Amino acid sequence: MLFIDVLILTFALISSLWILLQSLYYTETPLKCEGHTSSNRKASIIVAIKNEPPKVIEELIENLSNLNYEDYEVIIVSDDSEEAFNLLPKVYPANFRLIRRDKPLGRKAGALNFASNIAKGDFLVYLDSEARVDRDFLKGVSHHLSSSDAVSLRLKVRSPLNKLQKLYAEMTEFSMNSLFRGRFIRNLPIFPNGSAFAITRDALNRIGGWKENKVAEDLEIGIRMYLKGLRVSYADDVLVTTLAPYSWRDFFEQMKRWAYGSGELFPYSLSMIRKGIRGIEGTLYANQWGIYPLLLVGLLVLGLLSGLLRSSPFYWLASLSTFLVITFVFSLRSKTREYDMRIPALTISAFSVGYFSGLIRLKFKWKVTPKIVNSIKDVDSDWIPIEANVLSFLFFVSGLVSLSNQPFQAIILFIISILLLIIP
């Protein structure tokens, strides 16, 4: 069936195109930025927390209390239980507020709206609890917001220890150099990274605040800002250091959450297409977590339906060859020094399951990524996600179904099934 063959090749081209674009965007040349000057605009730093260790909040307060900026406030809004909230620091500077919401509605976006509504700043900066900045941080943010409605800030993983954290640090560096720096210099839509983002009060009011009950609230507000024509820039010279997941379980859950949020917003993200080429590229960005595994999921479905939908071995070979060659180019371009087969296996599983779950709006339970290792048991070095086992099993069944009438396709499906079980 020619239609099915063309569909397979289309899946491969879409996945390969997005991976290739990231390779082309990548640049190691820092953006030239003018010197940061003082500003008389009031700044509000907002941090939403839940189930965070008191030590993390203590370090956050210490870091943000030393900023070299004349007029700023810090609002830490907690969705913790009253018992957990009482364990948080009681002593902090006068320009800090640590507030607990009695009714933690709207997920993280609800907490951000709550804090934004009581904030007094002319511009608002949103950080995660593990974020750490230098003394002149707010000067840099204010400088960039003088010519933009909002700005995404550069992230860098600090103090990576184990192999996973080093891999994650390299992935973050590539993302900053490609999806932010590289896309910004090409005048492509810049979307917030939820860990380090700033917006003017006027711009936030114009778009109506954060959309509550969305898993990927940062992606949603990014799409909305683009559709409403707001100017969102990227600050290559304003650095926010953060922490990486320290266990494979945490890494998997975080990837699955990102993919779920992307799938949940799929219908809304299609609105960007009407903006032309830049909007189409923005749609690809918003759905990248579903694009990465698109070809493999397509092959899985075709294998399961092989009795009804016949496909050509040639198109399977051409599609996989295209995808693998582009992926190889990407791996060379990313210049990663660390490597582990668990990364592709875990991300394929997390992205496939998470994105599909978001598409059909399955019930989602938010899990906070831990910031501190409390015991060696927390690391779970031998942990295998049930989703990876299920997906591997489905590819194996798909291979069995295809074996009698499409043996070449069946072999490919068996190989994918085995690769997904390389964890750990």
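The values are calculated or read from the model by the stated rules, or taken from the named source; none is laboratory data. Since the structure is predicted, the reported quantities are computational estimates derived from the model, not experimental observations. Heads up, the Cβs are rebuilt from the backbone with ideal geometry, glycines too, and the neighbour counts pull from every protein chain shown. SASA here: full protein model, heavy atoms, side chains in, ligands and nucleic acids out. Shrake-Rupley method; radii C 1.70, N 1.55, O 1.52, S 1.80 Å.
Computed quantities for the displayed model
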item: Residue among ASP237, ASP250 that alone is surrounded by fewer than 21 Cβ atoms within 10 Å (Cβ to Cβ) and either modelled with pLDDT under 95 or not in a helix (DSSP H, G or I) (or both); result: ASP237
item: Residue identified as modelled with pLDDT under 95 and out of contact with any Phe, Trp or Tyr (no Cβ under 7 Å at 6 or more places or on another chain) among VAL91, VAL125; result: VAL91
item: Criterion violated by VAL141 - all others in (1) over 21 Å from the mean Cα position of the chain (by Cα); (2) within 30 Å of SER81 (Cα to Cα) satisfied; result: (2)
item: Selection status of ASN68, in contact with an Asp or Glu (Cβ under 7 Å, 6 or more places away or on another chain) and either open to solvent by 20 Å² or more (accessible area, probe 1.4 Å) or not in a helix (DSSP H, G or I) (or both); result: yes
item: The one condition in (1) of a type outside the set (S, T, N, Q); (2) in a helix (DSSP H, G or I); (3) surrounded by fewer than 21 Cβ atoms within 10 Å (Cβ to Cβ) that GLY229 fails to fulfil; result: (2)
item: Failed condition for ALA84, given (1) open to solvent by less than 80 Å² (accessible area, probe 1.4 Å); (2) without any contact (Cβ under 8 Å) to a residue 40 or more places away in the chain; (3) under 25 Å from GLY208 (Cα atoms); result: (3)
item: Search result, residues across the stretch 196-205 that are buried (at least 20 other Cβ atoms within 10 Å of the Cβ) and of a type in the set (S, T, N, Q); result: THR200
item: Any chance ARG154 is more than 25 Å from ARG206 (Cβ to Cβ), in contact with a Lys or Arg (Cβ under 9 Å, 6 or more places away or on another chain) and open to solvent by less than 30 Å² (accessible area, probe 1.4 Å); result: yes
item: Subset of the stretch 175-187 (residues that are more than 13 Å from the chain's Cα centre (by Cα), of a type outside the set (S, T, N, Q) and buried (at least 18 other Cβ atoms within 10 Å of the Cβ)); result: ARG181, GLY182, ARG183, PHE184
item: ILE273 being touching a Ser or Thr at 6+ places or on another chain (Cβ under 6 Å) and open to solvent by 40 Å² or more (accessible area, probe 1.4 Å); result: yes
item: Residue list for the stretch 1-35, restricted to those being within 23 Å of ARG183 (Cβ to Cβ), in a loop (DSSP other than H, G, I, E, B) and in contact (Cβ under 8 Å) with a residue 12 or more places away in the chain; result: TYR26, THR27, GLU28, PRO30, LEU31, CYS33, GLU34
item: Among (1) open to solvent by less than 10 Å² (accessible area, probe 1.4 Å); (2) under 24 Å from LYS363 (Cβ atoms); (3) in a helix (DSSP H, G or I), the one test that PRO267 misses; result: (1)
item: Count of the stretch 28-48 residues which are open to solvent by less than 80 Å² (accessible area, probe 1.4 Å), under 23 Å from the mean Cα position of the chain (by Cα) and either of a type in the set (D, E, K, R) or at pLDDT below 95 (or both); result: 1
item: The stretch 90-103, residues that are farther than 12 Å from ALA119 by Cβ, under 30 Å from the mean Cα position of the chain (by Cα) and surrounded by fewer than 16 Cβ atoms within 10 Å (Cβ to Cβ); result: ASP102, LYS103
item: Where a residue in the stretch 206-217 is open to solvent by 20 Å² or more (accessible area, probe 1.4 Å) and its partner, wherever it lies, is part of a loop (DSSP other than H, G, I, E, B) and not small (Gly, Ala, Ser), with Cβ under 9 Å and at least six apart; result: ARG206/ASP149; ARG206/LYS228; ARG206/LEU230; GLU212/LEU105; ASN213/LEU105; LYS214/LEU265
item: Enumeration of residues in the stretch 303-329 that are modelled with pLDDT under 90 and buried (at least 18 other Cβ atoms within 10 Å of the Cβ); result: SER306, SER311
item: Some residue of the stretch 96-112 being outside any loop (DSSP other than H, G, I, E, B), over 29 Å from ASN40 (Cβ atoms), touching a residue at least 12 places away in the same chain (Cβ under 8 Å) and among the β-branched types (Val, Ile, Thr); result: no
item: Wholly enclosed helices (runs of 4 or more DSSP H) of the stretch 284-357 bearing at least 3 residues free of Cβ contacts under 8 Å to residues at least 40 places away in the same chain; result: 313-334
item: Some residue of the stretch 401-420 being open to solvent by less than 50 Å² (accessible area, probe 1.4 Å), closer than 30 Å to LYS108 by Cα and at pLDDT 85 or above; result: no
